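To keep things clear, I will list the structure first and then write my remarks on it.
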Amino acid sequence: MARRAEEQRSGGEEPREGDVVEATVVAWGSGLDAVAEWSGGRLYVRGALPGERLRVRLRGGRGRWRGEVVSWVRRSSSRCEPSCAVASQCGGCDLQHMAYRSQLSWKRDEVMRAVRSGLGRSVQVAELLAPEEPRGHRTKIGLRIGGAAGALTAGLFAPHTREVVAISECEVQDAAGTAFALRLVALASKLGVPPFEEESGRGLLRAVVVRVGHGTGELQVTWVLSARSQQFEPALTAAALEAGAVSVALNFHAEDGKQLAGSRLVHAGGAARIRAEVCGQSYLVSAGAFFQTSKFGAEALSKQVRAWAGSAPQGRLLDLYSGLGFFGLPLASRFREVVAMEESHAATEDGIASAAGSGVRNISFREGRVESSLRAFLRSGEQATTVIADPPRSGLSAEVAEMLTRELAPERLIYVSCDLDALARDVAVLTQGGMQLEEVQPVEMFPMTKHVETVALFRPNPVLAMARRMGGRR
């Protein structure tokens, strides 16, 4: 009787917290959340899949209702039982409850949707390049610290909170790297290092980050601290080195927020860089520089870009947002010159060191904002036959897109995107600016998440190029 009264009230009178209603999931939300519709509007349901119909208990209030699943009226055929024991608690993965093959199919559909949005028409998208086994690919392991001094715990934040969900393993991360990170936390616990407390702001140790070198297994450790500590810094550095780390850094993170690390980083011990190898190319990577964190994804991206880059022994390759030259270094032997443009000082220094270590002499790194570096490049009268652009999540700036299409117009442009909204916008801007989209290849970077990487190949649109030439003659 009580349940029927709750459901009837939610259908006629103002709904209250605790009422049970039926809802249909219509879209993904963020993280584990899905968006569902019911008679009172929209609400967020954790762990549901689009297309499912379910009975939920209302939580929250007007304007921000959440639904707690009571039972399923109709389950998605893509639903599966998560193999991770803390999948419903941890914020690290958001698709553990969706069958892996369904994840791949959905991601490809999302890429097609984004490209169609940018082009204004449908386009064929290749099947995802994806590993057969989705587990164990992440080589950068960042564990948040909880517990108390002498009894530290390590894990990831729960969704929408800063509560640490303790883990003893992680399926999607490199197993050896995760085990090493947990061992370091145990050592820090023995040292009596106090954990940072989010609410009070007291304590010291916020996180530990372990990077495993691709193809080498070399271990790089970054201790994330809330402040300087002469008492614990030497001990933490020594503990990491004695445990087997090749390189140790300290990151000082005093800012509020959910970011894993802060902006200030110092090298504390061991080598300044670890060595990584991807598809035969060796890289030297410092703790402060970006490097692809998926073993499979790094190889798949490298192979795809190499396949599309071609060869121009008398031409120049322009590598925009180059990082340490992840794409440009292995392609240097195919071009007369490679010019890499990167804003990060740490990445630029890693690139210079990597080139020297690999004996690559025809690559130059230009440190600074890509906008200013590319503008100077064009003003000098230089040209490039091939351009690779791997911008941050926000995508190409309007200025860079205009210079690429209006002034540089390379024979081929290989564009790497890690955000579908940015992909849709940049496809529109590049094609309207005179480039023609030829191929799109999605890459599975992070199984069990909604993230998908995309590589797209553009060439000059011959019709627009002819029109421009004719317009110039007039």
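In the set (1) at pLDDT 95 or above; (2) outside any strand (DSSP E or B); (3) surrounded by 15 or more Cβ atoms within 10 Å (Cβ to Cβ); (4) in contact with a helix residue (DSSP H, G or I) (Cβ under 7 Å, 6 or more places away or on another chain), the condition left unmet by residue 127 is number (3). On the stretch given as the stretch 402-426, residues that are under 20 Å from residue 450 (Cβ atoms) and either touching a Lys or Arg at 6+ places or on another chain (Cβ under 7 Å) or not assigned by TED's automatic domain parsing to the domain that holds residue 451 (or both) total 3.
Regarding residue 106, is this residue over 24 Å from the mean Cα position of the chain (by Cα) and of a type in the set (A, V, I, L, M, F, W, C)?
no
Scanning the stretch 104-114 turns up no residue that is in contact with a Ser or Thr (Cβ under 9 Å, 6 or more places away or on another chain) and among the charged types (D, E, K, R). Just to be sure, is residue 72 in a strand (DSSP E or B) and not basic (Lys, Arg)? Considered against the rule, which asks whether it is in a strand (DSSP E or B) and not basic (Lys, Arg), residue 72 comes out as yes.
When we screen 430, 408, 457, 437 for residues that are farther than 21 Å from residue 324 by Cα, aliphatic (A, V, I, L, M) and free of Cβ contacts under 8 Å to residues at least 40 places away in the same chain, the only hit is 430.
Yes/no matrix, rows are residues, columns are (1) surrounded by 22 or more Cβ atoms within 10 Å (Cβ to Cβ); (2) under 15 Å from residue 261 (Cα atoms); (3) under 27 Å from the mean Cα position of the chain (by Cα):
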| position | (1), (2), (3) |
| --- | --- |
| 201 | no, no, no |
| 205 | yes, yes, yes |
| 212 | yes, no, yes |
| 217 | no, no, yes |
| 222 | yes, yes, yes |
| 226 | no, yes, yes |
| 231 | no, no, no |
| 238 | no, no, no |
| 243 | no, no, no |
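Taking the options 183, 202, 162, 228, name whichever one is touching a helix residue (DSSP H, G or I) at 6+ places or on another chain (Cβ under 9 Å) and not aromatic (Phe, Trp, Tyr).
183
Listed conditions (1) aliphatic (A, V, I, L, M); (2) within 27 Å of residue 144 (Cα to Cα); (3) not in a loop (DSSP other than H, G, I, E, B) are all met by residue 54, apart from (2). Contact map, the stretch 286-309: residues that are under 17 Å from residue 342 (Cβ atoms) paired with residues that are buried (at least 19 other Cβ atoms within 10 Å of the Cβ) and among the aromatic types (Phe, Trp, Tyr), Cβ distance under 6 Å, separation 6+ or inter-chain. Pairs shown: 305/327. The set of residues in the stretch 310-324 being aliphatic (A, V, I, L, M), modelled with pLDDT of 95 or more and surrounded by fewer than 23 Cβ atoms within 10 Å (Cβ to Cβ) is empty.
Would you mind stating whether residue 172 is within 16 Å of residue 258 (Cβ to Cβ) and in contact with a Cys (Cβ under 7 Å, 6 or more places away or on another chain)? So residue 172 does not fit the description; no. Identify the single condition in (1) surrounded by 20 or more Cβ atoms within 10 Å (Cβ to Cβ); (2) in contact with a Leu (Cβ under 8 Å, 6 or more places away or on another chain) that residue 297 does not satisfy, given that it satisfies every other one. Looking at each condition in turn, residue 297 falls short on (2). Taking the criterion of being under 23 Å from the mean Cα position of the chain (by Cα) and without any contact (Cβ under 8 Å) to a residue 24 or more places away in the chain, the only residue of the stretch 177-199 that qualifies is 179.
Being part of a strand (DSSP E or B) and surrounded by fewer than 18 Cβ atoms within 10 Å (Cβ to Cβ) is the filter; apply it to the stretch 402-448 and report the residue that is farthest from the chain's Cα centre (by Cα). For the stretch 402-448, the residue satisfying everything is 436. Scanning the stretch 22-41 for residues that are surrounded by 15 or more Cβ atoms within 10 Å (Cβ to Cβ), out of contact with any Gly (no Cβ under 7 Å at 6 or more places or on another chain) and of a type outside the set (Ser, Thr, Tyr) gives 22, 28, 29, 33, 34, 38, 40. A count restricted to the stretch 255-271 and to residues that are loosely packed, with under 14 Cβ neighbours inside 10 Å and either among the aliphatic types (A, V, I, L, M) or not assigned by TED's automatic domain parsing to the domain that holds residue 235 (or both) stands at 1. Checking each residue in the stretch 88-112 for being of a type in the set (Lys, Arg) and touching a residue at least 12 places away in the same chain (Cβ under 8 Å) picks out 107, 108.
Condition first: part of a strand (DSSP E or B), aliphatic (A, V, I, L, M) and surrounded by fewer than 18 Cβ atoms within 10 Å (Cβ to Cβ). Now tell me which residues in the stretch 144-165 satisfy that.
Matches in the stretch 144-165: 148, 151.
The values are calculated or read from the model by the stated rules, or taken from the named source; none is laboratory data. Everything quoted here is computed from the prediction, not taken from an experiment. Every residue, glycine among them, receives a Cβ derived from its backbone with ideal geometry; neighbour counts consider all protein chains shown.
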